[in-house]
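Worksheet: the structure to be examined is printed underneath.
Nothing in this text is a laboratory measurement; each read-out follows from the coordinates by a stated rule. What you are looking at is a predicted structure, and each value in this text was computed from that prediction instead of being measured. In this analysis, Cβ positions are derived from the backbone assuming ideal geometry, glycine residues included, and neighbour counts consider all displayed protein chains.
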Amino acid sequence: MKGPGLHSSIKELSGVGEKRAAAFGRLGIFTLADLLSHYPRTYEDRTVCKKIIELSHEETVSICGVVSSSVKTNLIRKNLRISTVKVSDGTGFLELVWFNNRFIESRLKKGETYVFYGKVQTTPKKQMHSPIVELPTQQKQIGRIMPIYPLTEGLTETFVTDCMQKALTACRGQIKETLPAKLRTAFQLCEINYAIENIHFPTDAEAYRLARRRLAFEELFLFQTALFSLKKRQNDCKAPQMQAEIEPFLTSLPFEPTGAQRRVMGEIAKDIASSNVMNRLVCGDVGSGKTVVAAAAVYAAARSGFQAAFMAPTEILAVQHYNNLKKLFAPHNITVELLVGSLSAKQKREILGRLKDGTTHIAVGTHALLSEDVGFKKLGLVVTDEQHRFGVEQRKLLTEKGENPHVLVMSATPIPRTLALIIYGDLDISMIDELPPGRQKIDTFAVDESYRKRIYDFLKKEMAQGRQAYIVCPLVEDSEVTELESVTAYIEKLTKNGFAPASVGMVHGKMKGAEKDAVMTRFKKGELSVLVATTVIEVGVDVPNATIMLIENAERFGLSQLHQLRGRVGRGSHKSYCILLAQSSGETAMARLSVMKRESDGFKIAEEDLKQRGPGEFFGTRQHGLPAFRIANLFSDMELLAQTTTAARDFLAGKVLCSTDEKQQISKKIDALFNNRVTIS
Ligand code: ADP
Ligand code: MG
């Protein structure tokens, strides 16, 4: 007779009726296969058995001993029964204590030997509270590494563990291998049945390590294989070929490009000259000079007879890029036009006309570029700045306005390369890992409230010398308080502290593009000395005369975000400062902020940030499409990630010898993971 197998319903396990099946269903578990991929969230090592004499306070261990007294039960009050018993193991005595346990009296026999597992107290006397009890010959829950599972109402740890054991026995040896044999040999990965068995009930620490590594490898490998094949398919589209010489553009620049800039420009030039579509991410620290790199690509597009679209997340930035590009392209007869929401209907109509008939080469703009009435004659290149603000869908909307235009995405969030590979798996990645020469270090301080007066005095002193300051205003967490109210209240505080009201301006997220622009322009021109802002100044704004960045409630920001904010100063020739004012002077807050004092490299800060907050927080809710892994951890599995990247590349390139069956097995897994949205070839 055939017993239950992998595809059997969970109800075929003894003890699982409708009610418990429904509880399992809430965890997404319907079959035994589902159950087996319900991995423990942690483990309890119950293999350590100690002598009573060795026990120390608060440790959780097992001991083996003889019951040397009968169980005594006292009714302390109506709802509290305390049962105690003495055990000894030849090295000493230990008192065991249970609360409201009616079964223990009949369970323990004086003179018998048992194993006990529980937490030890040594004061006022040596005790173990509510230990688990088993016979030495029938150990199920003691003497091994026990899995601890994520639960839901209606399921207990013991019950799930029990089901898991039954499922493992029923399915032993039946799980089909998913990774090609050659790949397992090359990366020293254990067999699937061994891995599943040992992820649930590891025989020892090494078995667990092997099992976990293999399962995490598979997860990352399948994910990356899917992403890379997606990219391959995109790149296979027939794209516009741009073979323009960019030297004339480079020689017209007021500075010499850095080595990193040249290298990345070279990578882009190669991409756009080929007939495959470019999908490239340029990742670089604030101030690393991403704009000219993008401009060089735009130049090449225009010289090759194509139009380009350059999209920025805010109007302030779009305007800044527009002004920059206009200046850069003036000597080259390349026409640039600005398309933002605040244009008049007439202006807009005229610009749209010039884009349609091809008179205008470059359109710089905000989301306005995505609007349906925007059309191009021959769109060959799409550039988006500050990638994390745009989703994949928005990028797609823009590219659909041309015929397979090349895509260049710029991100100022420096992320470790391995992580970039997985987050932006559908993009090729270029790193600008060098700053233009002569950049000075921004002196950074992390202080608490007691420094406020000194800070304000310092600001006034700098202002008296003609410098300007940004202040990132604390946002009141109370949702009743609007951004406007927070900023206004803060400006009042500044005024009370002796700042001239006329010299202080404000920008916040709820302001209209044109209003914001007006204030930014006044700040840029030097008509305002202090700009109080919410984090809208986060991205790309360039004011060389601003030398102070004061960040209130700095402890609320992630390190990478602080680094971005700090990047707004130190853009001119004057010495610049960043002051992180923390509301709490707690040690953890200060220790976290002190990273900012010693580090100026955005990539290193990002790494630290990731370590502290984990990828989920790091990317925030803005980042779409970050996969939820069952077992792999994007941060702590960095090394594994590097290996799976190689493995996925090799596999897709046909470098891993595998049978048709093995290939199909991987396709099937990927289909299941991505709901048939990705096919591998
Ligand atoms: P980001 O990478 O933050 O977007 P930008 O492109 O805005 O940086 O460049 C920051 C500043 O550095 C700009 O004023 C730009 O003109 C200048 N810059 C860029 N490349 C160089 C270089 N190679 N040498 C000197 N200055 C440069
Ligand atoms: Mg920029």
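Things worth noting here:
- Put simply, the amide H of PHE30, placed in the peptide plane, has neighbours under 5 Å in LEU35, leaving out anything fewer than 5 places away on its chain.
- Qualifying aspartates and glutamates (Cα of each under 14 Å from Cα of LYS110; at least 8 residues distant if same chain): ASP89, GLU95
- Residues LEU381, LEU35, ranked from the fewest to the most other C-beta atoms within 10 Å, line up as LEU35, LEU381.
- For the chain, the longest principal axis of the Cα atoms and the long axis of helix 513-525 meet at an angle of about 70 degrees.
- Computed from Cα atoms, the angle from the helix 483-496 axis to the main principal axis of the chain rounds to 70 degrees.
- Fewest-first sequence of TYR424, TYR470 by Cβ atoms within 10 Å of each Cβ: TYR424, TYR470
- Loop GluC sites (Glu not before Pro), the range 4-89 (other Cβ atoms within 10 Å of the site Cβ: 15 or fewer; DSSP): GLU58, GLU59
- Violating pairs (Cα-Cα greater than 27 angstrom) within the set LYS348/LYS396; LYS401/LYS604; LYS461/LYS512: LYS401/LYS604; LYS461/LYS512
- For LYS50, a cut-off of 19 angstrom between C-alpha atoms picks up these lysines, skipping any fewer than 8 places away in its own chain: LYS86, LYS119, LYS125, LYS126, LYS140.
- Shape category assigned to the chain from the gyration tensor of Cα positions, a/c cut at 1.5: oblate
- Projecting the Cα atoms of ASN633, ILE429, ASN193 onto the charge dipole of the chain, computed from C-beta unit charges around the Cα centre, puts ASN193 farthest toward the positive end.
- C-alpha long axis of helix 452-464 to longest principal axis of the chain, angle in °: 20 degrees
- The mean sequence separation of alpha-carbon pairs under 8 Å and at least six residues apart, normalised by the residue count of the chain, gives a relative contact order of 13 percent.
- Counted charge near LYS19, where neighbours are those whose Cβ lies closer than 12 Å (Asp, Glu -1; Lys, Arg +1): +1
- Whole-angstrom gap from the range 1-58 to the range 171-235, using each part's C-alpha centre: 21 Å
- Report summary: the helix-based calculation at 222 nm, which adds -39500 (n - 2.57) for every DSSP H run with n ≥ 4 and divides by the residues of the chain, gives -12000 deg cm²/dmol.
- Relative exposure of HIS574, HIS321, HIS406, judged by other C-beta atoms within 10 Å (fewest first): HIS574, HIS321, HIS406
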